[in-house]
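Okay, so here's the structure we're looking at.
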Amino acid sequence: MEGLRDESGVVAIAGSLQAAQLTVLGLRALQHRGARGAGIAASDGHLLRSVQGLGRVTDVFAGRDLAVLRAVAAVGQVWGRGERADEAELEAQTSANHPFMARFKDGQVAVAMNGRFANAASLRRELKALGALFSSTSDGELLLHLMARSAQTTTVNRLVDALWKVDGAFNVVLMTEDRLIAVRDPRGFRPLWAAQIGGAVGVATEDTALRLVGASDLRELEPGEMLIVDDTGPTIVRPLKRRPHAFCALEVSSTAAREASAFGHAVYRQRVEFGRKLAMESPVDADLVLGLPGSSVPAALGFARAASLPFEAGLHRAPWASPIVGAPSGEAELVWRPVPDVVEGKRVVLVLSVLGDGHDARRLVQLLRNTGALEVHLRVATPAVVASCPYGTASPTKEELVASQGTDAAALAEALGADSAACLTRDALQAILGESGHCMGCLGGAWPVPVESPEDQLGLFDAE
Ligand code: SF4
């Protein structure tokens, strides 16, 4: 909804003869985090091989016999299209391989990651001045360049050395022929989970991916923790400098699957609470409450309960709808179908999980009016997004964000064509999330990591 998605998700399995198949299965549970492409790198203990492509996981791996990889370990990634991407960057993303693979003098390495280094542009510039050649805008490739220049002698130490030079939001999963290393950034922007899968070890951005492959003993890695899996078994170390936590608030409100947990809490419960609080902050005289199937439903339920209004399944996802996550705005009519019997002649509250460029919100309001709704009131269970995310969540540009010029309720309602509009306040969000340290940069809060200027953020293929 509204084009706000994390740009990727990672899964890795080590110690199973089904590693490749299980990794692909896990990626399917992360499809909502990015549907532009998917890939895995698999190790048979001696050699890394990859299967990658553009499209959804099922498209990329359709008809592939993963058994031929004879994998005992695999790492996979789904990735999306950053809403900020111009055509040059999109071309670069398209040509990027994920997981990114390279050969060091002592062997092969594959790296998958989600998030974004906040200082990537300046690091890339420094490396290019030293003669480094890049083939993509992938931060994974940047990380491998940093590792290649490290004076350390082991893979783990080279990775740690490289990670000391970067800052920002990252879950990195790196695999060699005989070792898997997963690390969550010290600020913990996004969750990274580890678990047992029978005798194997699994790692994923969301616990949902690990549950799908039958994992047990799930544990959210602490910010800054590194999990190393080799022939001696799993080991957890903490090699990075401690930093104040900066858990992504949007991960809780909209990015993660509704059945996921993040930052120590079930996101479903928190979303219900966002909706409940929203109803108390911005009540409305109406007949019923609707939510979009997906991340909005728990908030809509919470809103309905607090407002003592019926929650109705009056919007459904059309079976013929494009399955592409983050499909271009304008496809709302194709994707979402109002139920006339529910909506006609009613004053409707439509609860959304997040408000970005407003295109989908505007079209949904119109769709409900066209279906006979007497009034349509928009309620958004997250503070309005007023800036693009520099830490890896695909966002519209600041100019495109409907609330970037102000969050005045009347102005928002007019811009979206609704009878009224209101967003959860940042104070309410903070109160529900607790005091454990969350990033709310794009919601008008402080930026936890200094953001490089727009000029510094130019991609590899921009003119130089
Ligand atoms: S800027 Fe927004 S989307 Fe990005 S990490 Fe912070 S809260 Fe999450």
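The values are calculated or read from the model by the stated rules, or taken from the named source; none is laboratory data. Everything quoted here is computed from the prediction, not taken from an experiment. Counting neighbours? That spans all protein chains shown, and the Cβs are built from the backbone with ideal geometry, glycine included. Protein only, heavy atoms only, side chains kept; ligands, DNA and RNA dropped before computing areas. Shrake-Rupley method; radii C 1.70, N 1.55, O 1.52, S 1.80 Å.
List of remarks:
- Subset of the range 182-200 (residues that are among the aliphatic types (A, V, I, L, M), crowded, with 23+ Cβ neighbours inside 10 Å and more than 16 Å from the ligand (Cβ to nearest atom)): A182, V183, A194
- Any hit, the range 45-57, residues being farther than 23 Å from A195 by Cβ, assigned to a loop (DSSP other than H, G, I, E, B) and within 16 Å of the ligand (Cβ to nearest atom): no
- Residue in the range 270-291 that is open to solvent by 10 Å² or more (accessible area, probe 1.4 Å) and closer than 18 Å to P191 by Cα present: yes
- Subset of the range 226-256 (residues that are part of a loop (DSSP other than H, G, I, E, B) and either surrounded by fewer than 22 Cβ atoms within 10 Å (Cβ to Cβ) or away from the ligand (no atom under 16 Å from the Cβ) (or both)): D231, T232, R238, P239, L240, K241, R242, R243, P244, H245
- The residues listed here are A266, A256; of these, the one that is farther than 11 Å from V351 by Cα and in the same structural domain as A421 (by TED's automatic domain parsing) is A266.
- When the range 347-366 is filtered for residues that are open to solvent by 10 Å² or more (accessible area, probe 1.4 Å) and not charged (D, E, K, R), the ones remaining, listed by number, are H359, Q366.
- Counted as qualifying within the range 354-457 are the helices (runs of 4 or more DSSP H) with 3 or more residues that are closer than 26 Å to D185 by Cβ and either among the aliphatic types (A, V, I, L, M) or within 16 Å of the ligand (Cβ to nearest atom) (or both), namely 426-433.
- Flag for A194 being of a type outside the set (S, T, N, Q) and more than 26 Å from R33 (Cα to Cα): no
- The set of residues in the range 147-171 being open to solvent by 20 Å² or more (accessible area, probe 1.4 Å), of a type in the set (A, V, I, L, M) and under 18 Å from G224 (Cα atoms) consists of V156, V160.
- The single condition from (1) open to solvent by 10 Å² or more (accessible area, probe 1.4 Å); (2) over 22 Å from the mean Cα position of the chain (by Cα) that L378 fails is (1).
- Taking first residues from the range 27-41 that are within 18 Å of R258 (Cβ to Cβ) and not assigned by TED's automatic domain parsing to the domain that holds G202 and partners that are among the β-branched types (V, I, T) and open to solvent by less than 10 Å² (accessible area, probe 1.4 Å), no Cβ contact under 7 Å between residues at least 6 apart in sequence or on separate chains turns up.
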